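Participant: The structure's right below; bear with me while I get my questions together.
FYI, it's all coordinate maths here, none of it is from the lab. Since the model is a prediction, treat every value here as computed from it, not as a measurement. So basically every Cβ, Gly included, is an ideal-geometry build from the backbone, and we count neighbours across all protein chains shown.
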Amino acid sequence: MRENYRGIERGIVATRTGTAPIRILILHDYAGRRGGAEIIVQDLRHRLRQLGHDARLLTTNADPFSASEAPDYICRGNVGPLRAISEAYNPTALTRLRAAISDFRPEVVHLFMFLTQLSPAVLALLGNLPTVFDINTFRPICPTGTRWIPGRGICGLIAGDNCRRAGCFSALGVLPRRVQLNLLARHREKIDLAVAPSRTMAQILEENGWPVDAVIPYGVPDAGTVQEKFPTPLFGYAGRLVPEKGVDWLLSAFATAFGPDSEARLVIIGDGPERGRLEALSTRLGIAHRTSFPGHKSRSETQRLLGPAWAQVTPSLWPEPFGLVTAEALMRGTPAIVSDQGASREIVADRQTGLVVPANDVNALAAALTALAADRDRAVAMGKAARAAALELYSEDRWLASYLDIYDKLLTKYGRNTA
């Protein structure tokens, strides 16, 4: 019987009663900082260690990483054409996890992404180890992980043959994904507690048969200082350059909002398969001279480039599970303009810490850009409100306290002393 910890919600601070250090093994598909999920995992390990806990990370070698990001245990990953097979069953992950459990003797296992490299077979080795599954991707209910069908929009289908019918996978490609989901279902009882980073994510998961025990928004580092707004309107985007992120919508809205003589500028930070097409689109729209594509940047460099922005735009067309870049924008004192799809609409208080607009509505987004560009004082006031909200709701201290509270409850459930 799984317990329910729904009291750990946005707006409620969890207080850890135990004081003893905990040994926590974190499982994630990738090391490095390829995206928001990797940043979260690296931050979690770092902050837990700062608090005196022994947190160790097991990942694959599918991504490069720096010395400071190196996992404590590493197994083989796959980025080639046979990746679908290893997603269903990765024997090297089992070998390495077995050795890590024997060597480290973890008291808690914290799962993040494990379905794109490590495979659900790792669950079979967890035995009676208290296990938390932090679900920050739709992979348990969608083989692509996005609930998004290119060219058609948000997917409401049940995974399986529908993935082939929708054109997301070939008949051959869908087979290992079905094997993966079957393995996940078989070993699902190994997971004691499921956590989601937003109510939006939790609702979608529960509608598709994955009950969520707690909603814990991710924490982001305090930027420390708030930069002055740029003298003329500056807007920014940070994230992957893929269709579901809606950057083409942003470019069209920017071109609609500001004529050729406008001083307004747009910075698109990030990289991905859509970059070339988006750069070409900015040229066709006549805004290339006011739009820059500096590529992928570190968190600190993104802070430097977007700190002076009048607003940061998250034009997602898919149901974002959280929206780390949106929370980071608020923390640095930058108001956010977001679509009404996904969790970003939970992070932004409309007309207080930013603006919420209908997804893929060019005129609505153009109007939001124009409204802030016309009133610098309003952008500054929204930025101050954004930072105050982020300090209260998205601090790393609150985030860590909620996780530690869960660890303690699980250890108590398993009869282990946490005092």
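Participant: Which value, in debye to the nearest 20, gives the size of the charge dipole of the chain about its Cα centre, when Lys and Arg are +1 and Asp and Glu are -1 at the Cβ?
Facilitator: Working: 49 positive and 42 negative charges, 148 e Å.
Around 720 debye, computed over the chain.
Participant: What ranking do S119, S262, S300 get, fewest neighbouring Cβ atoms within 10 angstrom at the top? Spell out each step's value before the answer.
Facilitator: Numbers: S119 26, S262 15, S300 10.
The most exposed by this proxy come first: S300, S262, S119.
Participant: Turning to a different aspect of this structure: Under 27 Å from the Cα of K245, which lysines turn up, not counting those fewer than eight places away in the same chain?
Facilitator: Here the lysines satisfying the reach criterion relative to K245 are K229, K297, K384.
Participant: Stretched out fully, how many nm does the piece from H289 to N363 gain, at 0.36 nm a residue minus the Cα gap? Before the final figure, lay out each step's value.
Facilitator: On the way: separation 74, 0.36 × 74 = 26.64 nm, distance 2.19 nm.
The span from H289 to N363 would gain 24.5 nm if fully extended.
Participant: While we're on this one: Could you name the lysines whose alpha carbon sits less than 23 Å from that of K413, not counting residues in the same chain fewer than 8 places away?
Facilitator: K190
Participant: Name the long-range amide H neighbours of A311: under 5 Å, sequence gap of 5 or more, or other chain; modelled H, no Pro or chain starts.
Facilitator: Those lying under 5 Å, H to H, from A311 are L234, G236.
Participant: So, R0 is 25 Å and r is the distance between the beta-carbons of I158 and H187; what FRET efficiency does that work out to, to 0.05? All intermediate terms of the calculation are to be shown ahead of the outcome.
Facilitator: On the way: r = 20 Å, r/R0 = 0.81.
So, using R0 = 25 Å, E works out to roughly 0.80.
Participant: With labels modelled as points extended 7 Å from the Cα through the Cβ direction, what inter-label distance (nm, one decimal) is found for D377 paired with S262?
Facilitator: Reported label-point gap for D377 and S262 is 2.2 nm.
Participant: Between F104 and A388, what is the label-point separation in nm under the 7 Å Cα-to-beta-carbon projection?
Facilitator: The two pseudo-label positions are separated by 4.1 nm.
Participant: State the three equivalent ellipsoid semi-axes of the range 270-352, derived from the C-alpha gyration tensor as the square roots of 5 times its eigenvalues, in descending order and whole Å.
Facilitator: On the way: eigenvalues 101, 51, 33 Å².
Sorted largest first and rounded, they come to 23, 16, 13 Å.
Participant: Suppose each label sits 7 Å from its Cα in the direction of the beta carbon; what would the S298-F230 distance come out to in nanometres?
Facilitator: For S298 paired with F230, the spin-label model returns 2.2 nm.
Participant: Dipole size in debye (nearest 20) for the range 234-393 around its Cα centre, Lys and Arg Cβ +1, Asp and Glu Cβ -1?
Facilitator: Values: 17 positive and 17 negative charges, 77 e Å.
For this selection, approximately 380 debye.
Participant: What length, rounded to one decimal in nm, is gained on full extension from L172 through to Y414, with 0.36 nm per residue of separation minus their alpha-carbon distance?
Facilitator: Details: separation 242, 0.36 × 242 = 87.12 nm, distance 4.25 nm.
Extra length available between L172 and Y414 comes to 82.9 nm.
Participant: Ignoring the sites themselves, what is the longest stretch of the chain with no GluC sites (Glu not before Pro) in a DSSP loop and at most 16 other beta-carbon atoms within 10 Å? Intermediate results must be reported in sequence, preceding the final value.
Facilitator: On the way: sites that count: E3, E9, E228, E263.
Segment 10-227 is the longest.
Participant: How high is the FRET efficiency between R83 and N208 when r is their beta carbon distance and R₀ equals 30 Å, given to the nearest 0.05? Don't skip to the end; give the middle numbers.
Facilitator: Numbers: r = 24 Å, r/R0 = 0.80.
It comes out at approximately 0.80.
Participant: Then there is this: Among bridges DSSP assigns within the chain, what percent are antiparallel (round to 5)? Show your work: numbers first, answer last.
Facilitator: On the way: 2 of 41 bridges.
For the chain, the DSSP antiparallel bridge percentage is about 5.
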